[in-house]
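Data block below; observations after.
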Amino acid sequence: MSNETVALPDGSEWILRLDYSTEVAHGVSALVVFSCFSLIAVVGLLLAISVSAFNTRSWTAEKHPHLFVRTHVAAYFISLLASDVIQAIGSIMNVKWIREMAVETGSACTIQGIFKQTADVATAFWTLVIALHTFALVFLEIRPSRFTLLTTLIAGWSGIGAIVIAGQAALDTSKKGPFYGISGYWCWISPQYPTSRVTLDYMFMFMAAVFSFLLYTLIFLRLRGNIVVFEGRISFRRVGNAWKGKQTDNQALNIAKQMLLYPVAYTILILPIAAARFSSFAGHDVAFEATIFCDAVFLLSGVVNVTLFSMTRRILPPDSFKIPKWAISNPQPIPEYTIETGPDSYYQSSGTYSESYEEKEKEYALDMESAPAPLRIRTADVEVPTLLAPPPRVHRGSGESLYNLYETATSPIPLTPADDAAPHVGYGR
């Protein structure tokens, strides 16, 4: 690999461009693939949680008092997933360097550095918040209020943004060069700011791992009965009985216990990358293969979080994933009509012939004596209510009918006159 550098006023060299070799391009491509897996998994889980929350929006608190989507830990977990999304996007931006076979300083490099630092700080912060929330529920048996939830969310994301902005706003100087620049095989905080790397990034990661481990240990001893909390006093027992808390059937408490796996998983995932970076700080050369492996493990945090969530039983109700059915049209029952068999029944029950019989007689010059007799339809010896066949309609002045109901029958249902009161009258076509 070759690189282009420029001398800074403090005597150090600023890397303007770092060319990729084929081996480096393949290794960085592997990181992009892992990041894509993580992004797909996290986005899929966020969609599943959104569907569950939408379908359970009308569920009452009396029947479902501890629904996951309404708990505090759900909001913290969604924030953790959002941090995983930012981390995956920052790594996928390496596609630009792979396509150009070089990483160089510029706006794209600055954006990638911001994404990577934001992801590191946010992931560490929300992992620690989940551990603290679980500690308050399980160990101290304190149920945080809704005000605490809102304050934590607003202060958390605001603080993460302030940390990211503070570095570039306060420490970016012309003597040391831009705050974000080429760092290894991608962009991050420039090597000219080693103290900022520790205080504005690594410190949060290590603090989250250490405090999460300590909180997990205390909760574990509390559940085993080795630590007893009574009236604000904490005592230790060498041998104790298993403790389940005051609310044994509390679903929120059970979910909180299961959420302890996330701080533990985070601690395990950052161990390889922490070892590699501290070794690099100490002046030792870290092999390229080791760097790719450590970063790949860290980038899989999204996949690990989704896997742990999927293994948690009953955290999302199965009924909340039912897709609602929208009916285009519902079949309506056929109403029952009563048809009278009087001479005017046809005109009285028809919207077309709503006028009186006398007016129709004057208009069409109809002769009621030529109206056919009522018909009775029989099908399989079942008698159907009597219907009156419509009278023949006559053209003005022609005297011919438009229809001939008594011409040769083509219907399989036999038509039988009800009586011989009216003679058979045929009309020509």
Per-peptide average of other Cβ atoms within 10 Å, ordering 121-128, 263-270 highest first:
121-128, 263-270
Cβ-Cβ FRET estimate between Met207 and Thr312, R0 fixed at 25 Å, reported to 0.05
0.45
Segment Ala166-Glu4, length gained on full extension (0.36 nm per residue, minus Cα span):
55.5 nm
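Averaging sequence separations of C-alpha pairs under 8 Å and six or more residues apart, then dividing by the length of segment 3-321, give the relative contact order as a whole percent.
For segment 3-321, the relative contact order is 26 percent.
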Sorted peptide list for 207-218, 31-42, criterion being average Cβ within 10 angstrom, highest first:
31-42, 207-218
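Grab the Cα-Cα distance for Glu141 and Leu16, subtract it from 0.36 nm times how many residues apart they are, and report the gain in nm with one decimal.
39.5 nm
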For the Ser280, Ser29 Cβ pair and Förster radius 22 Å, calculated FRET efficiency rounded to 0.05 is 0.50
Taking 30 Å as R0, compute the FRET efficiency from the Cβ-Cβ separation of Ser58 and Thr151 and round it to 0.05.
0.60
Label model pair Glu289, Ile111: point-to-point distance (7 angstrom along the Cα→beta-carbon line) in nm is 3.5 nm
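Read-outs throughout are calculated quantities, based only on the coordinates presented, and are distinct from any laboratory measurement. Source: prediction; values computed, not measured. Please note: Cβ atoms are built from the backbone with ideal geometry, for glycine as well, and neighbour counts cover all protein chains shown.
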